[in-house]
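Heads up, the thing below is written out as structure tokens.
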Amino acid sequence: MNDRIARVLSARLEELATIAERSGAAAPEVARLLEAASVATMNAVALELLSDDVARSIWREVEERHPVVAELREAA
């Protein structure tokens with residue numbers, strides 16, 4: 001189950017990053033969706049569905065591939 005959750009989170013972040021890149025980094029809707037993904041990640045860690053290390057790794061990898069994600073997270 002943990003692997004599935006990690007894959008779903010990774011896919012969702014990739015999807016949001018693609019949307020952010022296509023629509024422009026200032027899109028508030030995308031920033032809100034990233035905030036929701038961040039909260040979902042924290043909940044998954046709190047429920048021990050994901051380890052903190054795995055969650056951080058997923059976010060870090062997405063932010064490295066898509067710097068717009070890091071920009072939007074900082075702005076939120």
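What follows draws every value from the coordinates through simple rules; no lab data is involved. Keep in mind that this is a model prediction, so the values were computed, not measured. Neighbour counts are summed over all protein chains in view; Cβ atoms, including those assigned to glycine, are modelled from backbone coordinates with ideal geometry.
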| query | Under 15 Å from the 7 Å Cα→Cβ point of Glu15, by amide nitrogen: which residues of region 41-76? | reply | 41
| query | Based on the alpha-carbon gyration tensor of the chain and its eigenvalue square roots a ≥ b ≥ c, which shape applies: rounded if a/c is under 1.5, prolate if not and a/b is larger than b/c, or oblate? | reply | prolate
| query | Given only helices, namely DSSP H runs of n ≥ 4 each adding -39500 (n - 2.57), what is the per-residue ellipticity at 222 nm of the chain, to the nearest 500 deg cm²/dmol? | reply | -28000 deg cm²/dmol
